[in-house]
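A.B. asks: Before I ask anything, let me first share the structure, which is written out below as structure tokens.
We did not get these values from a lab; they are worked out from the coordinates using the rules stated. From a predicted model like this one, the values you see are computed outputs, not experimental measurements. Using ideal geometry, Cβ is built from the backbone for each residue, glycine included, and neighbour counts are taken over all protein chains shown.
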Amino acid sequence: MTSRKRLVTSLLHQEPDRVPVDFGAMGSTGITALAYARLREHLGMEDGSIRVYDTGQQLAEPEKPVLELLGVDVLDLRRSLPPAYPDARGWKPWKLRDGTDVEIPDSFNPIPNPDGGYVIKDSSGRVVSRMPKDGFYFDGVYHPLEGIKSASQIKELDWESMKVSSRAVEDLRKRAEYLESETDYGILFMGMGGVHEWGQGLRGWRNWIVDITGRRQIAGALLERMMEVNMDRVKKMVSALSEHVQVMGFGDDLGMQLGPQMSPATYREMLKPCHEEMFTYVKRHSKCFTFLHSCGSIYSLLGDLVDAGLDAINPVQISAADMEPRRLKAEFGDQLTFWGGGADTQNVLGYKPVEAVRAHVAENVRILSRGGGFVFNQVHNVQPNVSPESLLAAYSTARNVGRYASRNF
């Protein structure tokens, strides 16, 4: 069975030959560059280079030997392509905090700070994100609508410039055609949009939560503008990509450790209509599956997400409240594909002995894989504290235990 067929079979809630595996197909299912450097050293990889494709989270793009070793079945549409490919991105050298040589996109220009960290500035010279000394990530620090007092001020942003360009759409279409014809991987496009995280970015987290709960006029006006941009993107991407990719990915972190960031009632009133409009368009105009990345405890929202048209949820943060694998599989296993939940990065992967990691992964795979509807992935990204031995143990266990023919469930 090809990787593409394996992925689609599981998404259809049928059992393929084995559980499909993801490692880095979207920006929160991969590995930090610091951890990836250790993995490459452990494997004795001398050829190639480390490319930090997600500069905010400092994520490395897994190379072909790693993908093959881990048994990966799905690729990110926006991954690097061979140099002969006409629209390949440019890269330049940089060093990680431990001195490891890496490559970063030409467009990424970190400026050293006197305190030992880095800042990123926009074209006007404003600091928009920063990495503190001894930090691991670049955190956004600028929220363009943070200071507004009325809904009328929302129009001051250049919303038209936020719409995806024809050139960008065409580049993605060519990439999709290339990956479809030249590989047998499943393909995920993780760039369909979201509203909750975007609102947080524009207004700041505190303001946005107050907006959706108590300043509905501002929240409603902002959601309307965001959805104009989102639906423009959704329609263009479905038209250009739906014949070549299998999964259309959206991103909206809705959860915290102990529960959702808003009440289910607030979600239903303010955010669910937006998700439903986007998910439904994909499903009505293509055969693609809908995918949502949302961290945290979102058990109380899962029914609404299914109702809105969601097919797959990621990263399945099993360490959060009410997110136990058995409960999730029993209540939503015939409606949702669990894309993640295979290894807890919060308490196990990076903290427990290798044999404990193996036992933990085996148990989760047995629970979540019954009847299909499961793509193996650790919960969120592999952090710098995770050893190569633990990572390899997790993935080898998933492949071995996840073989349906053995009926080892």
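A.B. asks: Could you pull the Rg and Dmax for region 41-190, using just the Cα atoms, both in Å?
C.D. replies: Using the Cα atoms of region 41-190, the pair Rg, Dmax is 18.7, 58 Å.
A.B. asks: Are there DSSP H segments in the chain that both extend 30 Å or more along their axis (alpha-carbon positions) and score a mean Kyte-Doolittle hydropathy of at least -1.0? List them, or say none.
C.D. replies: Correct list, ordered by number: 216-241.
A.B. asks: Taking a temperature of 25 °C and a viscosity of 0.890 mPa s, what whole-number D in µm²/s does Stokes-Einstein yield for region 190-346 with Rh from Kirkwood over alpha carbon pairs?
C.D. replies: 154 µm²/s
A.B. asks: Which ordering of 66, 361 is given by a fewest-first count of other beta-carbon atoms within 10 Å?
C.D. replies: The order, fewest Cβ neighbours first, is 66, 361.
A.B. asks: In whole Å, largest first, what are the principal axis extents of the Cα atoms in region 15-67?
C.D. replies: Projected onto its principal axes, the Cα set of region 15-67 covers 36, 27, 14 Å.
A.B. asks: Taking the chain, how much of its Cα-Cα pair set, in percent, is spaced more than 41 angstrom apart?
C.D. replies: Every Cα pair in the chain considered, those over 41 Å come to 11 percent.
A.B. asks: Tell me, 360, 285, 293, 13 in order of fewest to most beta-carbon neighbours within 10 Å?
C.D. replies: Fewest to most other Cβ atoms nearby, the residues stand as 285, 13, 360, 293.
A.B. asks: Summing -39500 (n - 2.57) over the DSSP H runs of n ≥ 4 in the chain and dividing by its residue number, what mean residue ellipticity at 222 nm do you reach, to the nearest 500 deg cm²/dmol?
C.D. replies: One gets -11500 deg cm²/dmol as the mean residue ellipticity at 222 nm.
A.B. asks: Let me ask something else about it. Using the structure shown, select from 121/352; 121/287; 287/329; 95/235; 155/272 the pairs with a Cα to Cα distance greater than 32 angstrom.
C.D. replies: Violating the 32 Å Cα-Cα cut-off are 121/352; 121/287; 95/235.
A.B. asks: So, one more: Most exposed first by the Cβ proxy, i.e. fewest other Cβ within 10 Å, how do 111, 367 rank?
C.D. replies: Fewest-to-most Cβ neighbours within 10 Å comes out as 111, 367.
A.B. asks: For the chain, modelled as a GNM with alpha-carbon contacts under 10 angstrom, which of 340, 296, 99 fluctuates the most?
C.D. replies: In the Gaussian network model the winner is 99.
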